[in-house]
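Structure, as structure tokens:
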Amino acid sequence: MTILQILIVAAAALFWGLVMRERGRKHFLLNASVLVIFWLQPALPLRGFDFWIPLATLTITVFSWFITAAEESRREKKNWVVVAILAGTVLLLNLTRFLPFDSIFTPSRPPQPLTLLLILAFSGFIFLLVTRLTRFSAALLATGIIGLIVIFLAIKIPALAYWISYGIRSLTDQSLTEAKAIDLRWLGFSYVAFRIIHTLRDRQMGRLPAVDLAEYVTYVIFFPAFTAGPIDRIERFIKDLRKPSTLGNDELLIASQRFMLGLFKKFVVADALALIALNDTNALQVRSTGWLWILLYAYAFQIYFDFSGYTDIAIGISKFLGIQLPENFSAPYLKPNLTQFWNNWHMTLTQWFRAYFFNPVTRWLRSWNNPMPAPVMIASTQIATMLLIGFWHGVTWNFALWGLWHGVGLFIHNRWSDMAKVRAGEWATTPFRKNILNMSGVVITFNFVALGWIFFALSSTSTSVQVFLKLFGMR
């Protein structure tokens, strides 16, 4: 999001929080979220896809509610009214193609209305079939999860995304030589997929709270957190959504301070650090080892201030609307070991993987008749979890190496802490020694994390290896 887009979104939220308050709040959050996912979607070279992709996000969200909701809830009139409102909003956005000036809410001119009407009619027919002909099915929920993972892989694996773009171009008579993997930039899909998988999995486990369609769609595409998180839980989100919004002076001050702090972090600190942060351009141009360390540290702090700044902005805007999003960062670079770092860096992502992958896999491995040795089990689950977190950012070798770097690091810390716990306690008997132990842990952990950012900052494995060697004077 640009600073102008953020300020417009914040102004709309603040106006509603101060002036309108509870009047039509749920409908405002729903419709504003729909408008924002179209508005923020970047322009794409594939004709019409910067309109179809937000529509696909909306369609997948509605369909996910249909397969998670109870049968009686799916038949309620108010939910079909919401379907009609959503379809009408999309149709109005589509009709902006006939305005005499450039579209305001879509990045390019929307496609032909007839095509949209056919797609909406087909989607409505499918929803009707699901409502009338199906009952709750674990297989249907599993199919939904698999479908989301397939879409995720299709847009995250560069080679696959390239061939999909190539195929779309061939079908739409667009230049095949211009096909690129980045033609399928699906804004917000990673966060949308995690929120939806959370609801599908909780429905399988029988712990998903009853929500209507408007609440569900608002939760999944909630506009302050749509592009950069945090990943909220639906049971927590709807509690705030259903409570009266009371934006008093104290709440307004706290929300404004958080919002302004986020703007400062992102557009002052992070953007300034970006001028000298490690990237593909300067990685091989810097000759001095010392300067290369400076570039690496600049990137480490840039990514922190950028990401935590966006989180502060999202939390501040949400507070204007009476929604308290979960925290995502808590001084991660000041933690004395890698486990604590991951408990305080992108906390909602870590908690999601712990709840829906690490813990279930660990329980499954322990249930074996002949369970594997504990160290092997710990190594397997930690490395697998971190590899998946790496792939969540992108299915490339560099993100795989980043995940492996942290997975192995977590395992080493786990083993080392078990062995050294007693000796460390015997040595650190004074406050001074405890501070030395803590500070040494902070320094080691920060540098380990910073070295891992090399894989994040650079796009090729060969360049990453060269930077590693140069940092330690081996090139």
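Based on what the data block shows, is Thr350 polar (S, T, N, Q) and free of Cβ contacts under 8 Å to residues at least 60 places away in the same chain?
Numbers: polar (S, T, N, Q): yes; free of Cβ contacts under 8 Å to residues at least 60 places away in the same chain: yes.
The answer is yes for Thr350.
The residue of segment 234-265 that is nearest to Val34 (Cα to Cα), among those that are touching a residue at least 40 places away in the same chain (Cβ under 8 Å) and out of contact with any Gly (no Cβ under 9 Å at 6 or more places or on another chain), is Phe237.
Residue by residue, here is whether (1) at pLDDT 85 or above; (2) buried (at least 17 other Cβ atoms within 10 Å of the Cβ); (3) of a type in the set (A, V, I, L, M); (4) touching a strand residue (DSSP E or B) at 6+ places or on another chain (Cβ under 7 Å) holds:
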residue	(1), (2), (3), (4)
Phe391	yes, yes, no, no
Thr396	yes, yes, no, no
Ser417	no, no, no, no
Gly425	no, no, no, no
Ile436	yes, no, yes, no
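For segment 62-87, the candidate set comprises residues that are aromatic (Phe, Trp, Tyr) and in contact (Cβ under 8 Å) with a residue 24 or more places away in the chain; within that set, the residue that is surrounded by the most Cβ atoms within 10 Å (Cβ to Cβ) is Trp65. Of the residues making up segment 92-118, those that are over 27 Å from the mean Cα position of the chain (by Cα) and among the hydrophobic types (A, V, I, L, M, F, W, C) are Leu92, Leu95, Phe98, Leu99, Phe101, Leu114, Leu116, Leu117, Leu118. Within segment 1-23, no residue that is assigned by TED's automatic domain parsing to the domain that holds Leu40 and in a helix (DSSP H, G or I) sits with its Cβ atom under 7 Å from a residue that is loosely packed, with under 13 Cβ neighbours inside 10 Å and aromatic (Phe, Trp, Tyr) at 6+ positions apart or across chains. For segment 278-294, a tally of residues being free of Cβ contacts under 8 Å to residues at least 12 places away in the same chain and in a helix (DSSP H, G or I) returns 3. Restricting attention to segment 243-280, the residues that are out of contact with any helix residue (DSSP H, G or I) (no Cβ under 6 Å at 6 or more places or on another chain), farther than 18 Å from Met1 by Cβ and aliphatic (A, V, I, L, M) total 5. Scanning segment 431-448 for residues that are under 18 Å from Ala300 (Cβ atoms) and either of a type in the set (Phe, Trp, Tyr) or outside the structural domain of Asn337 (by TED's automatic domain parsing) (or both) yields Phe446, Phe448.
Among the criteria (1) exposed (fewer than 15 other Cβ atoms within 10 Å of the Cβ); (2) modelled with pLDDT of 90 or more, the one Lys421 does not fulfil is (2). Selection of segment 167-183 for residues being in a helix (DSSP H, G or I) and out of contact with any Phe, Trp or Tyr (no Cβ under 7 Å at 6 or more places or on another chain) yields Gly167, Ile168, Arg169, Ser170, Leu171, Thr177, Glu178, Ile182, Asp183.
Scanning segment 171-203 for residues that are polar (S, T, N, Q) and at pLDDT below 90, we see that the one that is farthest from Thr57 (Cα to Cα) is Thr177. Looking for something assigned by TED's automatic domain parsing to the domain that holds Ala181, farther than 28 Å from Trp16 by Cα, in a helix (DSSP H, G or I) and in contact with a helix residue (DSSP H, G or I) (Cβ under 9 Å, 6 or more places away or on another chain) - is there at least one such residue anywhere in segment 93-107? Yes. For segment 220-270, a tally of residues being at pLDDT 90 or above, of a type in the set (Ser, Thr, Tyr) and not assigned by TED's automatic domain parsing to the domain that holds Phe320 returns 0.
Could you pull out the residue among Leu184, Leu153 that is surrounded by 12 or more Cβ atoms within 10 Å (Cβ to Cβ) and more than 19 Å from Pro111 (Cβ to Cβ)?
That would be Leu153, the only listed residue that is surrounded by 12 or more Cβ atoms within 10 Å (Cβ to Cβ) and more than 19 Å from Pro111 (Cβ to Cβ).
Has segment 220-232 got any residue that is within 20 Å of Ile146 (Cα to Cα), part of a helix (DSSP H, G or I) and touching a residue at least 60 places away in the same chain (Cβ under 8 Å)? The answer is yes; a qualifying residue exists. Scanning segment 204-219 for residues being part of a loop (DSSP other than H, G, I, E, B) and buried (at least 21 other Cβ atoms within 10 Å of the Cβ) gives a total of 1. Among the residues making up segment 32-51, those that are part of a loop (DSSP other than H, G, I, E, B) and either under 17 Å from the mean Cα position of the chain (by Cα) or not hydrophobic (A, V, I, L, M, F, W, C) (or both) are Gln41, Pro42, Pro45, Arg47, Gly48.
I'm checking my understanding of the structure. Among residues of segment 298-334 that are touching a His at 6+ places or on another chain (Cβ under 8 Å) and not polar (S, T, N, Q), which one is farthest from Met1 (Cα to Cα)? Break it down stepwise before answering.
Narrowing segment 298-334 to residues touching a His at 6+ places or on another chain (Cβ under 8 Å): 307, 328-329.
Adding the requirement that they be not polar (S, T, N, Q) leaves 307, 329.
Working: Phe307: 12, Phe329: 20 Å.
The qualifying residue farthest from Met1 (Cα to Cα) is Phe329.
The values are calculated or read from the model by the stated rules, or taken from the named source; none is laboratory data. Keep in mind it's a predicted model, so treat the numbers as computed, not measured. Glycine also receives a Cβ, built like all others from the backbone with ideal geometry; neighbour counts cover every protein chain displayed.
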